[in-house]
Amino acid sequence: MIELLEQSTITDLAIFGGKPAFAEKLHVGRPNVGNRERLLERINDMLDRKWFSNNGPYVQEFEQQICERLGVKHCIAMVNGTVALEIAIRATGLAGEVIVPSFTFVATAHALQWQEITPVFCDVDPQTHTLNPWRIEAMITPRTTGIIGVHLWGKPCNVEAITEIAQKHELKLLFDASHAFGNSYNGQKIGNFGDAEVFSFHATKFLNAFEGGAIVTNNDELANKIRLMKNFGFAGYDNVVYVGTNGKMSEVSAAMGLTGLESMSTFIAANQQNYKQYQQELSGLAGIKLFAYDEAEHCNYQYIVLEVDETKSQISRDRLLKVLHAENILARRYFYPGCHRMEPYRSYFPHAGLLLPETEKLGQRVLVLPTGTSVSSVDIHKITQVIRYCVTHGSEISQRLRSQ
């Protein structure tokens, strides 16, 4: 398609009749897969053992390895990250109102609403995209029982400031760390903060277990309660002592998780190399800002996040997205339009956006690009060429799209 920018015209774009840059669709969030032979060995072993669930040896090993890697006392593996978050919320006794960002995946809010707890949306810091601690106290009411911070894109929240606020107001504190496995804050691994932190091991995450999640905590009492809650409240054979549900991780998921743990360094190296290439090839491009990671910290580099400023690039995020999709580059506009603009929250809080100016702006500007072990250097070069061409010819492309 666009081999050399100097030799290209608008009609070279697939959306205007040209050939797509990619013959097959290139997705955001394609799974990282470790050593297939090692995974199949584990699955065959599981089949021979005929122990598929109920705290099997692979689940126990997975939990232990996570504890060792993160330096935490307890890891309770779960069927998925959403159930893990729901159980963490219930185990910590959250009720009434809980302060959360709106700029996150809707599961963070749903995990509260599902349990008839009101999510109170707080604005984010425009630099970090995470909960702005200087906006939290204005959202606290007599009904507030806790705060849930989200380490978005793996970028840790301002943990110290949020912790200080939680302690000052005697609030429970959880962190949704779905994006942040293996990352650190001030040199300490994510997983050691708040009352507990929750990971997702969904297929799209840096470390996947096909589908899975986990709660990690250094609180012995809380960990014991969570273990009861994720297995119907069983405290032994025929002995139910607590109200619980089925949140258990399966053995096959744990086998996949263990296989991924063995390849973490490979995943990180690929992601970091991709990030560096995007950084280099998009540098100096008007109106395009690549979300920056702190390379002094441990980081999984799982997300390539752009902010598109139409006033400088002359093309909007949504028009750029339309062109990319036509080229079979399936970028995503996470986390559009914000939880506060989704149901039931937009009906409950129709004017919430007035208190979320930075969230509103990010919802119109953020674009997430393909990365991971399945994306090659050649792929990235093609993607950045398309973006660079769209920005440098933004006015003409926008005019043509408006006329379609």
Item checked: Residue satisfying all of: in region 220-244; exposed (fewer than 15 other Cβ atoms within 10 Å of the Cβ) and of a type in the set (D, E, K, R); farthest from Gly93 (Cα to Cα) among these -> Asp238
Item checked: Qualifying residues in region 327-359 (those that are surrounded by fewer than 21 Cβ atoms within 10 Å (Cβ to Cβ), of a type outside the set (Phe, Trp, Tyr) and in contact with a Leu (Cβ under 9 Å, 6 or more places away or on another chain)) - the one farthest from Ala109 (Cα to Cα) -> Asn328
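Under 25 Å from Arg30 (Cβ atoms), part of a helix (DSSP H, G or I) and among the β-branched types (Val, Ile, Thr): which single residue out of Val378, Val368 fits that description? Please lay out each step first, then the result.
Working: Val368 fails: part of a helix (DSSP H, G or I).
From the options Val378, Val368, the qualifying one is Val378.
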Check: Do you know which residues across region 27-44 are within 25 Å of the chain's Cα centre (by Cα) and not basic (Lys, Arg)?
Finding: His27, Val28, Gly29, Pro31, Asn32, Val33, Gly34, Asn35, Leu39
Check: Within the set of pairs 6+ apart or on separate chains, which have a first residue in region 36-62 that is more than 23 Å from Gly213 (Cβ to Cβ), a second that is in a loop (DSSP other than H, G, I, E, B) and not basic (Lys, Arg), and C-beta atoms under 6 Å apart?
Finding: none
Notebook entry, point to check: If you check Thr259, Thr204, Thr245, which single one turns out to be over 20 Å from the mean Cα position of the chain (by Cα) and under 26 Å from Val368 (Cβ atoms)?
Noted result: Thr259
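Looking at region 91-132, which of its residues are of a type in the set (Gly, Ala, Ser) and surrounded by fewer than 23 Cβ atoms within 10 Å (Cβ to Cβ)? Spell out how you get there, then give the answer.
Narrowing region 91-132 to residues of a type in the set (Gly, Ala, Ser): 91, 93, 95-96, 102, 107, 109, 111.
Scanning region 91-132 gives Gly93, Ala95, Gly96, Ala107.
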Check: Out of (1) touching a residue at least 24 places away in the same chain (Cβ under 8 Å); (2) within 25 Å of the chain's Cα centre (by Cα); (3) over 21 Å from Val305 (Cα atoms), the odd one out for Ser265 is which?
Finding: (1)
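If you check Asn218 against the conditions, is it at pLDDT 95 or above and out of contact with any helix residue (DSSP H, G or I) (no Cβ under 8 Å at 6 or more places or on another chain)?
On the way: at pLDDT 95 or above: yes; out of contact with any helix residue (DSSP H, G or I) (no Cβ under 8 Å at 6 or more places or on another chain): yes.
Yes.
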Margin query: Anything in region 134-151 that is crowded, with 24+ Cβ neighbours inside 10 Å and farther than 18 Å from Ile117 by Cα? List them, or say none.
Written below: His151
Check: Just checking, which of Arg30, Arg38, Arg49 is among the basic types (Lys, Arg) and crowded, with 16+ Cβ neighbours inside 10 Å?
Finding: Arg30
Note to self: Looking at the structure I just gave you, is His381 within 24 Å of Lys205 (Cα to Cα) and not assigned by TED's automatic domain parsing to the domain that holds Gln188?
What the structure shows: yes
Next item on the list: Please indicate, with yes or no, whether at least one residue in region 328-335 is of a type outside the set (Phe, Trp, Tyr) and free of Cβ contacts under 8 Å to residues at least 12 places away in the same chain.
Entry: no
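Of the residues Phe175, Phe232, only one is under 20 Å from Thr82 (Cα atoms), assigned by TED's automatic domain parsing to the domain that holds Pro133 and modelled with pLDDT under 95; which? Break it down into steps so the answer makes sense when it comes.
Details: Phe175 fails: modelled with pLDDT under 95.
Exactly one of Phe175, Phe232 is under 20 Å from Thr82 (Cα atoms), assigned by TED's automatic domain parsing to the domain that holds Pro133 and modelled with pLDDT under 95, namely Phe232.
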Next item on the list: Please go through region 288-304 and pick out each residue that is surrounded by fewer than 20 Cβ atoms within 10 Å (Cβ to Cβ) and within 16 Å of Arg388 (Cα to Cα).
Entry: Lys289, Leu290
Note to self: List the strands (runs of 3 or more DSSP E) inside region 27-146, counting only whole elements, that have at least 1 residues being among the aromatic types (Phe, Trp, Tyr).
What the structure shows: 118-122
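Tell me which residues, restricted to region 367-404, are among the basic types (Lys, Arg) and touching a Phe, Trp or Tyr at 6+ places or on another chain (Cβ under 8 Å).
Within region 367-404, Lys382, Arg400 qualify.
The values are calculated or read from the model by the stated rules, or taken from the named source; none is laboratory data. Here the structure is a predicted model, which means the values were calculated and not measured. Methodologically, a virtual Cβ is constructed for each residue, glycine included, from the backbone with ideal geometry; neighbour enumeration extends over all protein chains shown.
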